[in-house]
Structure formats: structure tokens, C-alpha cells
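Quick notes on the structure that follows.
The values are calculated or read from the model by the stated rules, or taken from the named source; none is laboratory data. The shown structure was predicted, so the numbers you read here are calculated from the model rather than taken from an experiment. Cβ coordinates were reconstructed from backbone atoms using ideal geometry, including for glycine residues, and neighbour counts include every protein chain displayed. Protein only, heavy atoms only, side chains kept; ligands, DNA and RNA dropped before computing areas. Shrake-Rupley method; radii C 1.70, N 1.55, O 1.52, S 1.80 Å.
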Amino acid sequence: MSKTISFVLNGRQRSVQVDDPEMPLLYALRNDLGLHGPRFGCGLAQCGACTVHVEGKAVRSCTFPVAQAAGAKLLTLEGLGTPERPHALQKAFIEEQAVQCGYCINGMIMQAAAFLQTNRRPTDSQIKEALADNLCRCGTHARIVRAVKRASESMA
Amino acid sequence: MLTDQISRRDFLKTSGALVVTYALAPKAANAAIDPNDLGPKTVAADRVDGFVAIDGKGVVTVYSGKVDLGTGTDTALTQIAAEELGVPMQRVKLVTGDTLLTPDQGPTFGSLTIQNGGVQIRQACATAREALLDRAAQKLGVSRSDLAVQDGWIRGNGKRVAYAELVGDRRLELKLDAKAPLKDPSDYTIVGKPVPRLDIPEKVTGRFTYMQDLKVKGMVHARVVRPPAMRATLENWSDAQCKQIPGYLGAVRKGSFLAVVAHDEWAAIKAASAIEARWSKWEGLPDKAKLWDHVRASRVAKDEVLQNAGDSAAALGAAPKLLKATYDFAVHTHGSIGPSCAVAEFKDGKLTAWSASQATHLLRKQLARMLDMSELNIRCLYVEGSGCYGRNGHEDAAADAALIAREVGRPVRVQWSRADEHGWDPKGPPTLIDYRGALDANGNVSAWESEAFIPERPGQIAVTLVAADLANLPKEASHPGNIHQGLAIPYAVPNIRASAHWLAETPFRPSWIRTPGRMQNSFGNECFLDELAAAAGADPFEYRVRNLKDPRGLELMERLRKLAAWTPRTAPAGDAGEIAKGRGVSYIKYELVRTYVGVVADVEVNRRTGKVRVERFFVAHDCGQIINPDGLRNQIDGNIIQTVSRTLIEDLQWNRSAVTSVDWQSYPILRFPEVPEIVIDLVDRPKERPWGAGEPTAAVVPSAIANAVYDAVGVRLRSVPFTPERVRAALKA
Ligand code: FES
Ligand code: FES
């Protein structure tokens with residue numbers, strides 16, 4: 001009964017066997033493909049911790065059926081950059097030390113990465129609006145805004 | 001027990017050889033340091049080798065019972081150890097919260113990691129360094145006073161020897177010397193510097209292994225099926241529907257504890273909703289609308305006077321001016337972004353439990369009791385999870401996993417759902433405080449009385465494990481934390497009586513949320529003091545300063561006054577527009593013995609909607625010697641933002657059976673557009689002892705906001721949270 005679903009993940013062709021095509025993409029990425037970037041926070045599309053890009057758009061993978069990812073281009077935090085070759089946002093988050101526990105940070109960076117595609121020189125309040133549906137409990141918000149701003153400047 | 005369609009033998013058959021891949025757990029991987037060569041490592045807290053090992057390559061391993069809850073303490077502890085030993089930070093590895101390897105330094109709570117844990121490690125490192133200097137003197141034939149340590153080398157008179165050579169993979173078999181001389185802070189090159197956090201590069205690139213990422217070979221996934229009413233009992237159940245789900249393995253039931261187990265996580269989630277269960281009815285929660293009547297009517301187990309000076313009753317009776325007020329603080333959840341998670345494995349009669357517990361040693365005790373095992377047969381390991389600000393659900397998830405793992409014979413991972421976390425984490429209990437105060441003819445406070453109604457503290461500081469409760473297994477009573485702290489006041493008032501009515505019951509399993517008690521009690525204290533200042537016609541800033549005798553507190557307040565450019569105010573601004581602006585001040589000396597914090601809040605109140613907006617917080621902070629100023633600022637930001645959220649928004653919802661605010665919509669928290677600007681002035685005192693900073697700032701946030709609202713619109717908000725409805729009602733009254 002199980003079904004194979006293939007997609008391009010972080011630039012590489014990958015596939016997963018699933019019993020239930022309705023299973024959220026998050027579980028395929030974390031459990032079948034062993035990724036740590038996308039995180040489980042609510043499973044309700046309320047917090048943003050699970051954010052990945054599907055065809056360049058920020059998507060909440062905790063409610064996105066894996067079947068819908070078939071044939072799509074997926075990007076996760078791991079594909080954005082590495083400690084050795086960080087993306088401008090990852091670099092800016094390190095420079096601003098914009099992490100406390102870091103559990104929300106995947107969502108912050110992936111949401112911001114999609115946002116910066118549409119607005120290259122955002123103001124602080126535009127950044128805050130863009131991240132308004134991403135929750136952080138540690139209270140790292142001020143640093144996160146500074147990091148996104150810094151990244152946008154470095155990417156200009 | 002297991003359901004019949006899959007027997008225990010089948011479970012075991014499919015599991016094969018159980019090899020736990022420790023390498024997946026970073027902490028456990030570090031822990032691989034040599035237990036075989038050297039026999040069991042001591043975890044004694046009075047021995048250097050309890051805390052520190054140096055290997056033949058000069059790598060220093062530090063064993064810390066205190067863990068990093070997302071606050072950056074791993075980096076700070078590494079700084080402390082590297083500094084005191086005189087080695088580069090890259091040469092120091094940290095193993096934390098592993099009951100097999102690390103000393104029991106008490107739970108990671110109370111802002112004590114640096115001040116107690118770090119200071120113990122510093123002393124162990126100093127003892128080691130001194131002993132190594134002795135050995136080096138002998139070996140090199142150079143007098144002690146000619147030797148100096150740098151980068152793990154001891155040098156003098158043109159000769160040198162490395163730590164590695166002196167220790168050579170042997171243990172530092174030394175008693176910890178509480179008098180070993182500490183490095184002079186003026187020679188510090190690592191402590192006091194804004195060293196970048198060690199974990200951040202991995203956390204922003206998806207390489208970090210959180211508890212929720214941990215995989216143990218052969219692991220299966222479980223979900224606990226929670227009763228719809230908190231104390232309902234399980235009457236009947238059937239998993240017939242679950243059997244349709246590919247990957248479903250079976251169910252475990254013990255008393256009212258019911259869990260489903262599956263090969264993969266999604267199957268476990270589906271099984272948890274497919275299982276049919278009949279529960280008894282239970283409606284024992286108090287009516288939320290009458291919570292404070294309920295609290296006031298609860299049986300008092302014990303009264304305790306927490307602060308007593310002069311004769312407050314007589315002074316109140318004689319006073320020309322008397323004030324009374326009641327303050328209350330809602331029930332709150334911890335609200336970690338990542339729900340609790342744990343993995344447990346039984347093998348050869350031994351239990352290993354991985355979790356993000358802030359107290360692995362205490363957890364081990366509780367698991368031993370619940371499962372009727374010897375503590376010696378249990379190992380609890382800390383793996384960092386989502387930010388944890390007190391005793392949340394981590395320990396409960398570990399107990400769930402342990403209970404299930406014992407039945408299924410394979411490593412079991414339990415991931416709590418969002419509803420589990422919001423609904424079942426232990427809560428910050430409701431807090432109610434009555435105040436009475438008197439002014440003398442000069443407007444000074446002549447008497448102060450406070451009475452707090454708070455849940456009692458059993459002997460042991462532990463919180464009941466949900467699994468033990470549901471399964472009717474041996475358990476501890478829930479301790480709410482030291483929630484009486486912060487009721488005593490730091491001001492020079494001649495007649496004071498601060499007391500607690502310890503209540504025998506409270507609606508929800510209580511525990512310590514961030515800044516337990518100090519946050520709620522300081523809310524009442526610092527607001528009521530503001531009321532007295534207003535009644536005296538005094539500027540609230542000046543009023544505090546004039547009643548403070550502590551020179552360090554006074555210095556802090558002067559720095560705050562400058563930072564915020566405070567201008568005196570003796571009555572509300574009274575501007576009539578729709579948006580009214582105000583500022584309020586608040587001060588604390590944490591538990592009257594440590595960290596000082598003073599804040600000024602700038603707020604805007606919308607008279608029409610009742611919405612309070614916090615524009616800005618000015619913070620002056622003195623926690624003695626600062627280990628890492630950037631880490632400290634990060635913590636202060638976190639304290640402010642989290643507590644603004646608590647003050648303005650958060651309020652647990654429930655009906656007579658259960659918590660109903662079980663997601664982020666029904667229990668919202670502060671979002672980016674509402675986050676205030678934060679301006680910080682750090683008082684650094686390198687020659688003083690370091691104190692904690694994970695909590696103190698939170699204590700002064702609610703009162704500063706309330707006092708600012710008064711300054712803006714002239715009304716007192718005495719109930720947290722300050723929702724628009726409450727503000728509108730106060731404005732109308
Ligand atoms: S986990 Fe997907 S939005 Fe919260
Ligand atoms: S950094 Fe911990 S939740 Fe955002």
C-alpha cells in the first residue's frame with residue numbers, strides 16, 4: 001500500500017515511502033530523511049517552527065501533506081547554508097547572536113529568507129509584520145529583527 | 001500491559017539486538033570519555049575529579065550538573081573553566097546533566113547555574129591548577145613563585161611542561177579545596193568578554209541535535225492518550241480502529257494511563273486519535289469566573305510569617321492614612337515552543353532515559369520511586385530541548401516513555417503534542433495577595449502588611465509525574481517552587497509583616513514557572529508601593545530611593561534614573577487624548593540577597609480600545625561579576641519580552657473538567673509587532689561574586705507596566721493579565 005514520493009530536496013533528488021499520503025511533510029523530513037532543521041512546535045500551523053520552502057515559498061510543513069510535495073523543489077535550513085558556508089541570514093544570526101534556545105530559529109530564518117525575496121530592503125516594522133506569525137518564547141525577537149535587517153543589508 | 005494482538009514476545013522479536021547509538025547524542029558522545037579505562041568516574045561534588053578531567057592530549061572535560069536550558073550557560077561555564085585553568089576555550093568540553101557522570105548540583109533553576117554551579121566548577125578548576133603548579137615545580141625544579149600558566153602550559157625559568165604531561169590520562173584525584181586561590185579578575189582574558197555562543201552556528205544551520213531530534217536504534221514512537229477531564233478514570237477502551245493503521249504496534253494501559261505505540265511517529269499520532277476510550281465524568285475544577293473566591297476559601301494548611309519588623313498591627317491602627325488593595329496573578333503555562341519529548345530504554349533491568357529535564361538527578365529519584373527500581377539502575381541524560389523556563393513537561397514525558405518502554409521492551413520515544421504541553425504541563429499557580437499600608441504625617445510608609453494565598457510546599461521539591469498519577473503508581477506531591485520568595489520588601493519601613501497562607505489545595509498541578517513567586521509577589525509589592533507614593537503625593541522614583549538604604553541598590557537606581565532620563569511626576573499625566581502615554585518604575589533586590597534590577601517602562605494606553613502597548617523598557621542590572629555581557633543582555637531581553645507577554649496577554653482557560661486553552665490561539669503570546677524596545681545598562685563588578693540573571697528581570701516587569709498605566713490614565717491595574725476588557729472596565733469605574 002505504501003507509496004513512493006519523490007522531490008528535489010536541498011538540490012538532491014530524494015524519495016520517501018509513505019503509508020499515508022496525507023502525512024505532513026514535516027515527519028518525512030525529520031524521520032525518514034533525518035533532518036534537524038524543520039522542527040515540530042505545534043502541528044497546527046500556528047508557530048512557524050516547521051517552516052520549509054516549497055518551490056521558493058515558505059510553507060508550514062506540519063500541515064502540508066507529503067503527497068503535495070511530489071515533484072517539487074524543497075529547501076530546508078540545511079540546504080540554505082552550513083556552518084562552513086552560511087547563508088547571509090545564518091551569518092547574520094550568528095553575528096547578532098540572535099538565538100536563545102534556538103527552537104524557533106529555523107522558522108525565523110526560513111520565513112525571513114522567503115520574505116527577503118519579495119522585499120530586499122525592509123524596514124524594522126516590515127520585518128516585524130513579516131514574522132508576526134512566527135512565535136518565540138525565549139524573547140529573542142529584538143535580536144532576530146536586527147539579524148534579518150543585517151542580512152538584508154549584506155545581501156543588497 | 002500490552003494489547004493482545006501483539007505480544008511482548010513479538011515486540012522483542014522485531015527489536016533484534018538493541019544497540020543504542022550514543023553517537024547521536026552529543027552529550028552522550030562526550031560522555032564516552034574513558035569510563036572503561038578508569039573504572040566508574042566519581043560524581044562527588046567535593047572532589048576535583050567529580051568536575052574536571054584532563055586527558056593525555058590536554059583536552060579538559062568539565063562535568064556539570066547544571067544544564068543549558070537555552071540560556072547560553074554552556075558557553076559561560078566553558079569560559080569560567082577555561083579562564084580558571086588557563087587553557088583556551090576550544091580545549092574544554094562540557095558534559096552536563098548525566099547522572100552517571102556529573103555531580104548532582106541541584107536542578108537548573110532559581111538563577112543559580114552561574115552563581116552556584118559555575119562557582120563550584122571554578123573552585124574545582126582552581127584546585128586542579130594549584131595542584132598542577134605544585135607538580136610542575138617539582139618536575140621542573142623551578143620554584144612555585146616563578147611559574148605561570150598559559151594555554152595549558154606551565155612555564156618558568158625558561159622551562160615548561162604541559163598539563164597533559166603532568167596528568168597523563170590519570171585522574172585528578174584531589175579533594176576540592178574551597179580555599180584554593182582564585183585567579184585575580186584583573187588578569188581575566190575570557191571571563192567578562194562577550195564570547196560568541198558555542199551552540200549558535202549549529203543551531204542556525206540545522207546541525208544541532210535537540211532532544212526532539214534524538215534517535216536511538218530500534219526506537220518506536222508512542223503517544224499518550226490523555227483523559228478529556230483531568231481526573232477522569234479510564235473505564236473502557238478498544239484499539240480495533242488502530243489496527244487499520246499501518247505501523248501500529250499496540251497499546252499500553254495501566255490504570256488511567258493509556259498509550260499507543262507504532263513504528264513511525266505519524267502512525268502513533270493517528271492511533272492516538274483513532275483509539276476509542278470511555279472515561280468517567282469529572283468536573284472538579286473551580287469555576288474560572290470565581291477563581292479568587294475559590295482561592296480565598298481554600299483550606300489553609302499553614303501560616304508563615306516571611307518578614308517581620310516592629311509592630312505592623314499597632315502602626316496600622318494608629319496611622320492617619322490607610323491604604324488597602326488586593327492583587328492577583330493568573331494561572332500561566334510555561335509555553336515552550338517545542339513540546340516536551342523523551343526517549344527511554346530498558347535493557348538488562350536497567351533504565352536509560354534521555355530528556356530535556358532541568359533536573360536529571362531529581363528525575364532519576366522520581367523514576368526509581370514510580371517504577372520501584374533502585375536509582376543505581378537508572379541513568380538519566382540531559383539533551384537540550386526547546387527553551388525551558390522552569391519545571392514544564394520534560395520530566396513527565398520521560399516518565400511516560402519509561403513506563404511504556406518497560407512494557408514494550410524497545411526504546412520508546414514520546415513526543416508531547418501541543419495540546420499535551422498547554423493542557424498538561426504543570427502550571428504557575430494562581431496568586432492572590434492582600435495589602436495594607438499606612439503613611440505617617442510626613443508621607444512615609446509607617447506600616448506594611450501583605451498576605452499571600454499560595455499553594456503549600458511539600459517537603460521535597462519535586463512535581464508529581466503525570467504518568468505516576470494516571471497509572472496509580474507511587475508518586476511525590478507537587479511542590480510549587482519557592483513561591484514565597486519576593487514577598488519580603490527591600491525598603492526601610494519600621495513596621496512590616498509579610499506572610500503566606502499556604503493552601504492545602506490548588507486547581508492545577510503547580511510548579512515553578514520562570515521567576516516563580518518573585519514575579520507575582522513583586523507585581524503586588526511594587527504596585528502597592530506606587531499606590532503609597534501616590535497617596536503621599538511623592539514621585540514614585542524618589543519615593544523608592546528615599547526608602548532604600550542599600551548603597552548598591554542606590555547606585556543602580558541612579559544609573560537607571562540617568563538611563564531613562566526620569567523626570568519627577570507626582571500625579572498622572574492626565575492627557576485626555578485617545579492615546580495616553582505614561583511611565584512607571586520598579587525595583588528588586590532578588591530574594592533580598594542577590595541580583596539588583598531596576599526598570600522603567602514606557603507605555604501607551606488606548607482609552608477607547610483599552611489596549612496597553614509597551615513601547616520601551618529601560619533596565620539597570622547588577623549581577624556582580626559578569627561572565628558574558630552579550631549572553632547577559634540576551635537573557636535580559638528574554639526576561640522582558642516573555643514577561644510583557646505574561647502581563648498583557650496570558651491567562652489559562654478552563655472549564656470544570658480540563659484546560660481549554662490548548663493551543664496558541666486560545667493561549668496567545670506576544671508577537672513581533674508588540675515587542676518593546678529594550679535599553680540596558682549593565683553594572684559590572686568584576687571583583688564581586690557572580691549572581692544569576694536568568695530570572696530577576698522578569699520580577700519587575702508587571703509592576704513597571706501597571707505603574708506606567710497609572711501614570712498614563714490614573715487607574716490601577718491589579719489583575720494580571722492587563723487585557724483590553726480589564727483596562728476598559730478600570731477606566732469606566
Ligand atoms: S509546527 Fe508547524 S506551525 Fe507550529
Ligand atoms: S529562541 Fe527559544 S523559542 Fe525562540
Inset, instruction - Go through segment B:592-625 residue by residue and tally those that are assigned to a loop (DSSP other than H, G, I, E, B), open to solvent by less than 20 Å² (accessible area, probe 1.4 Å) and among the β-branched types (Val, Ile, Thr). - result: 1
Inset, instruction - Keeping to segment B:182-219, report how many residues are closer than 20 Å to A:Asn10 by Cβ and among the hydroxyl-bearing types (Ser, Thr, Tyr). - result: 3
Legend entry - Yes/no for B:Arg418 being in contact with a Leu (Cβ under 9 Å, 6 or more places away or on another chain), within 16 Å of ligand 2 (Cβ to nearest atom) and over 30 Å from B:Lys350 (Cβ atoms): yes
Inset, instruction - Within segment B:562-571, identify whether any single residue is assigned to a loop (DSSP other than H, G, I, E, B), touching a His at 6+ places or on another chain (Cβ under 8 Å) and touching a residue at least 60 places away in the same chain (Cβ under 8 Å), and answer yes or no. - result: no
Inset, instruction - Would you list the strands (runs of 3 or more DSSP E) that sit entirely within segment A:37-156 and hold 3 or more residues that are within 16 Å of ligand 1 (Cβ to nearest atom), within 26 Å of B:Ser666 (Cα to Cα) and open to solvent by 10 Å² or more (accessible area, probe 1.4 Å)? - result: A:57-60
Legend entry - Residues that are assigned to a helix (DSSP H, G or I), within 13 Å of the chain's Cα centre (by Cα) and within 25 Å of B:Ile200 (Cα to Cα), drawn from segment A:1-29: A:Leu26, A:Leu29
Inset, instruction - Take segment B:265-276 and flag every residue that is open to solvent by less than 40 Å² (accessible area, probe 1.4 Å) and more than 14 Å from every other protein chain (Cβ to nearest Cβ). - result: B:Ile275
Legend entry - Elements of type strands (runs of 3 or more DSSP E) contained in segment B:229-284, each with 2 or more residues being under 36 Å from the mean Cα position of the chain (by Cα) and of a type outside the set (Gly, Ala, Ser): B:248-254, B:257-262
Inset, instruction - Consider only pairs whose beta carbons are under 9 Å apart and that are at least six residues apart or on different chains; among these, list those whose first residue lies in segment B:676-696 and is closer than 13 Å to B:Arg559 by Cβ and in a loop (DSSP other than H, G, I, E, B) and whose second residue is charged (D, E, K, R) and at pLDDT 95 or above. - result: B:Asp684/B:Asp622; B:Arg685/B:Arg552; B:Arg685/B:Asp622
Inset, instruction - Just need a number here: residues in segment B:57-104 that are open to solvent by 10 Å² or more (accessible area, probe 1.4 Å), in contact with a strand residue (DSSP E or B) (Cβ under 7 Å, 6 or more places away or on another chain) and within 14 Å of chain A (Cβ to nearest Cβ). - result: 1
Inset, instruction - All but one of (1) of a type outside the set (Gly, Ala, Ser); (2) more than 7 Å from chain B (Cβ to nearest Cβ); (3) open to solvent by less than 20 Å² (accessible area, probe 1.4 Å); (4) closer than 22 Å to B:Met211 by Cβ hold for A:Val16, so report the exception by its number. - result: (4)
Inset, instruction - Tell me the helices (runs of 4 or more DSSP H) entirely within segment B:110-204 that contain at least 1 residues that are more than 14 Å from chain A (Cβ to nearest Cβ) and in contact (Cβ under 8 Å) with a residue 60 or more places away in the chain. - result: B:119-140, B:163-167
Inset, instruction - Please work out which residue is farthest from B:Val119 (Cα to Cα), limiting yourself to segment B:668-692 and to residues that are touching a Leu at 6+ places or on another chain (Cβ under 8 Å) and away from chain A (no Cβ under 13 Å). - result: B:Asp681
Inset, instruction - Kindly provide the set of residues from segment A:125-156 that are of a type in the set (Ser, Thr, Tyr) and over 16 Å from B:Ile200 (Cα atoms), ordered by number. - result: A:Ser125, A:Ser152, A:Ser154
Inset, instruction - Answer yes if at least one residue in segment A:83-94 is away from ligand 2 (no atom under 16 Å from the Cβ), in contact with a Lys or Arg (Cβ under 9 Å, 6 or more places away or on another chain) and farther than 23 Å from B:Gly72 by Cβ, and no otherwise. - result: yes
